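Structure first, then comments.
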Amino acid sequence: MDIASDVAEVIERRRAATYALLKNWAGHLESEAKQGASWRDRTAHARQSLNSGVEQKGSKFVLYLAHGVAYGRYLEEGTPPHLIKPKHKKALYWRGAAHPVKVVRHPGSRSYAIVGPTVAANEQRIINTVKELLGGE
C-alpha cells in the first residue's frame, strides 16, 4: 500500500465514525424533544412527527431536528392575535355557537418551543464529542 491510500482510508474511517456519532446524537435529540414537548397532545401527531437525522452535503454533515407537521412552526413560535374569517361562505358556524359569526378575534397562542431549546441545550456537548472523536482539543 502506498501512503496516499493509507491516508484516504483514515479519512474515510473518520468520516464514517463522525456520521455514526452524529446519527447517535440525532436519535438522542429526537428522544429528548419528544419527551420534553410541553404542549397538550390531542392527536399526538406533532409529537410523533418530531424527527432528526444526519445528511452529508459535500464534505460537511448536517445534523437536524425538525417538526414534521405543517403547524410545527406555530408550536415553536406561537401566533400573534389575528382574525379568523370564512374562506368560502359568508359566516363561520360550529356546534355550540349561538349563531353564525362573520369574524372571530383569536387572541393568539403562546410558543411551545422544543426544537430550538433542545438543540441549544446539547450544542456544546455535540461539538465536544466531535472534537474528541477527531482528536481535537
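The values are calculated or read from the model by the stated rules, or taken from the named source; none is laboratory data. What you are looking at is a predicted structure, and each value in this text was computed from that prediction instead of being measured. Cβ: placed from backbone, ideal geometry, glycine included. Neighbour counts: every protein chain shown. Remember, those area values only see protein heavy atoms, side chains included, never the ligands or the DNA or RNA. Shrake-Rupley method; radii C 1.70, N 1.55, O 1.52, S 1.80 Å.
Structure above, values below:
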{"read-out": "The stretch 1-43, subset among the hydroxyl-bearing types (S, T, Y) and open to solvent by 60 Å² or more (accessible area, probe 1.4 Å), residue farthest from Y71 (Cα to Cα)", "value": "Y19"}
{"read-out": "Matching residues, the stretch 60-92, being part of a loop (DSSP other than H, G, I, E, B) and open to solvent by less than 60 Å² (accessible area, probe 1.4 Å)", "value": "H67, G68, V69, G78, P86, A91"}
{"read-out": "Scan of the stretch 45-59 for residues that are in a loop (DSSP other than H, G, I, E, B) and at pLDDT 95 or above, ordered by number", "value": "L50"}
{"read-out": "Looking only at the stretch 93-137, and only at residues there that are aliphatic (A, V, I, L, M) and assigned to a helix (DSSP H, G or I), the one that is farthest from H82 (Cα to Cα)", "value": "L133"}
{"read-out": "Residue check for G108: touching a residue at least 24 places away in the same chain (Cβ under 8 Å), loosely packed, with under 14 Cβ neighbours inside 10 Å and more than 18 Å from the chain's Cα centre (by Cα)", "value": "yes"}
